[in-house]
Amino acid sequence: MAVMKTEELKKIPSKFNLEQFDVAVFAKDKIREMFRTGKLPTADAMAEEVILRAVKEGASDIHFEPTDFALRIRLGYEGVMKKLVSLPKDTAENLANVLKAKAGLNAFEKKKPQEGRFTIILGNVQLDLRISTLPAVTGERIALRILTKASHITKIEELGFSETNLERMKKLYSRPSGLLLITGPAGSGKTTTAYATVNKLNTPEKNIFTVENPIEFKLDFATQVQPSADKTFTTVDALRSILRQSPNVILVGDIRDAETGNLTAEAAFIGTMVISTMLSSDAIGTIPRLLNFGISPYWLASSLVGIAHQQLVRKICEACKEEYQAGPDELERLGTGTWGQTQYYRGKGCEACNGTGYHERTAIQEILVINDQMRDLIYEQAPSVKLKEAAFNAGFEEIRTDAKGKVTDSITTIAEFVRSLG
């Protein structure tokens, strides 16, 4: 996957001004007439310009959202949405067809969701994008994720772990076997953390495999397997074959069903270190979700060693960082444990951060270490309240604690704490 050269892309001039076709600014009848007479740019040129604008403005996502009256296009900036333009509704289908064609999807299939990837060349820069389509009442909604992967695997020490959480994480992945889950909402950096963890386990003596669809990062020290999209070769098929290859470490891209979960847990139980990712809202809540999948309580209790749950928060822009006096309402939202601190930092807003006061993101985490008491509770399928009680008695610290620490250390703001965690 190519490394995105943002500065080089910023030098590429736009072929036309998108805003001149914004129905919220100019008369809809005039724009529709331009569309009918062929004076609008082609759908292909329009899609390319939207992507270029998104990259120039530092967006991570592009959302094409058809409404009853227009095609709204919004950009995602580090978890926050911002409108780019609202195009005539007539352009929605053509743009959708162009984007689906680029990814090799079925342009005629409009009643089922589709997923794929494609690459485009802007100037001398290659961009990789992930596409997801969703049938809606007003038309197909399309989300593009701009894949800006680094040229090397990020070190686990660079992922925002607090000293305490990093030590917990090291103890988990240093075990000879077991199932280590990395969870979080979509777009929370789970895969980055999973790769950083596998990279830590890389030694010449270890036999390392990955099973992913698609493969996110090429590893020269591992055997990487990609199940087929047509389900003729599944993740379960791959795992069964890998278990005959004497694996020491297996990275499983995602657990989405009981069969994958049971085989993953079994592999961890019989002597392999298995690392996998999963969508979840918190660490402890992952356990009931796995059991609800239909994963055997015996296999899960026997194999699970820990769960690292994470989210991403925006970091204060260093170029416009300023100290200020937090008000009573802000301190109340931050909660107890501020040790009387009232001076905090925020970004004033500048050109470097597009006026947002934030630049880049870091992770906030909670690390759940599974002890013998929790294994018994998992086997008994105990309710979440008992799991929480056992976790906190063993020293578990929830994600709010880590987030609060990053506020008091001037890494992020109280406002970002509230936005992310409520």
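The values are calculated or read from the model by the stated rules, or taken from the named source; none is laboratory data. Note that the coordinates shown come from a computational prediction; the quantities given were computed from them, not determined experimentally. We place every Cβ from the backbone using ideal geometry, glycine too, and count neighbours over all the protein chains shown.
Laid out as a table, the results:
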| item | result |
| --- | --- |
| Scan of region 307-325 for residues that are more than 17 Å from Ser162 (Cα to Cα) and surrounded by fewer than 24 Cβ atoms within 10 Å (Cβ to Cβ), ordered by number | Cys317, Glu318, Ala319, Cys320, Lys321, Glu322, Glu323, Tyr324, Gln325 |
| Ile295 being in contact with a strand residue (DSSP E or B) (Cβ under 9 Å, 6 or more places away or on another chain), β-branched (Val, Ile, Thr) and either more than 11 Å from Ile378 (Cα to Cα) or surrounded by 16 or more Cβ atoms within 10 Å (Cβ to Cβ) (or both) | no |
| Complete set of residues in region 75-90 that are crowded, with 17+ Cβ neighbours inside 10 Å, in a strand (DSSP E or B) and within 23 Å of the chain's Cα centre (by Cα) | Leu75, Gly76, Tyr77, Leu84 |
| Counted residues, region 326-344 - those being part of a strand (DSSP E or B) and surrounded by 19 or more Cβ atoms within 10 Å (Cβ to Cβ) | 1 |
| Exclusive hit being assigned to a loop (DSSP other than H, G, I, E, B) and of a type in the set (D, E, K, R), set Glu109, Glu93, Glu140 | Glu109 |
| Conditions (1) crowded, with 19+ Cβ neighbours inside 10 Å; (2) touching a helix residue (DSSP H, G or I) at 6+ places or on another chain (Cβ under 7 Å): number failed by Ala96 | (2) |
| Filter result (under 23 Å from Ser174 (Cβ atoms), exposed (fewer than 15 other Cβ atoms within 10 Å of the Cβ) and either at pLDDT below 95 or not assigned by TED's automatic domain parsing to the domain that holds Asn262 (or both)) within region 221-244 | Phe221 |
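Yes/no matrix, rows are residues, columns are (1) farther than 30 Å from Glu397 by Cα; (2) buried (at least 19 other Cβ atoms within 10 Å of the Cβ); (3) at pLDDT 95 or above; (4) among the aromatic types (Phe, Trp, Tyr):
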position: Leu134; (1), (2), (3), (4): yes, no, yes, no
position: Leu147; (1), (2), (3), (4): yes, no, no, no
position: His152; (1), (2), (3), (4): yes, no, no, no
position: Leu179; (1), (2), (3), (4): no, yes, yes, no
position: Thr183; (1), (2), (3), (4): no, yes, yes, no
position: Ser188; (1), (2), (3), (4): no, yes, no, no
position: Glu205; (1), (2), (3), (4): yes, no, no, no
position: Leu219; (1), (2), (3), (4): yes, no, no, no
